[in-house]
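Working notes, structure below.
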Amino acid sequence: MSWPAGYGRRVLAEVDSTNAEAMRLVPVLTGPEWILALRQTQGRGRRGRAWTDPQGNFAGTLVLRPDGPPDHVALLSFVAALSLYDACVAATGRPEVFALKWPNDVLLNGGKLAGILLESTGGAGGVTHLAIGIGVNLRSAPDTAGVEARAVRPVSLMTGTGANVAPEEFLDLLAEAFAAWKARFDAYGFAPIREAWLARAARLGQEVTARTMRQAITGRFETIDDRGNLVLVTAQGRVAIPAAEIFFDGGGDASGD
């Protein structure tokens, strides 16, 4: 498989966190670069949660210098999600078992397979560098004893599909997919990304509950808008939600890490 032109590739035997390593490398990077850790000792997810990485799983980060204002740069999470979906399909040939969960999960048969974490540097002038951290349960899922109460169960690619994919092989698939989706995003904006994401969305048209820091909002998942917000139709009308933890069936938390 060919590696996408213009993207660096760095494979490390061990690191604390690929996102942390990405930020340490910022001063010397001359272009976008993928960082893969075969062992990650201090992986982290959204809201400071720990991300567990059993051996054989994928822990990687793409660090790049993005163009545009922060709200535009944030839409790259959807580019990353589509890339993850495509990499999983390429590895397994099973598109019917995968779905995308707003804002940043990939589901396999309804279980959590992968998560995305975006971290950035910059100031009032905009984002100078963006780290897109990605964790995928390729070989095994974390022990459910370490998963927070009511969370969607973690699953692995191997147990869910029988596919035995090495992290470096998955990186090649992911990098190729990302380069293709990023080129489309750069050329045509968010509209085709949004359309493609919705075509793969979990629970579209069904009732979900979104928990923000201040309230819980239950409604029918209608769409995502042109800013990536979750749009629910509630008893009080349509509501656009920029950030929340999402619950299915009034129960399990399906938020991304």
* Between the alpha-carbon centers of region 200-253 and region 89-145, tell me the distance in whole angstrom. => 19 Å
* **Value of relative contact order over the chain, rounded to a whole percent, pairs C-alpha under 8 Å and six or more apart** => 19 percent
* Asked: Counting trypsin sites (Lys or Arg not before Pro) as exposed when in a DSSP loop with at most 12 other beta carbons within 10 Å, what is the longest stretch of the chain free of them?
  -> 1-149
* **Chain lengthening between Thr128 and Ala166 when straightened (0.36 nm per residue, less Cα-Cα)** => 10.5 nm
* Which residues make up the longest stretch of the chain that has no GluC sites (Glu not before Pro) in a DSSP loop with at most 13 other Cβ atoms within 10 Å? -> 15-147
* For Thr218 and Arg9 in the same chain, what is the full-extension length gain: residue separation times 0.36 nm, less their Cα-Cα distance, in nm? -> 71.0 nm
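Every number in this text was worked out from the coordinates using simple rules, so none of it is lab data. All values derive from a computational prediction rather than experimental measurement. Please note: Cβ atoms are built from the backbone with ideal geometry, for glycine as well, and neighbour counts cover all protein chains shown.
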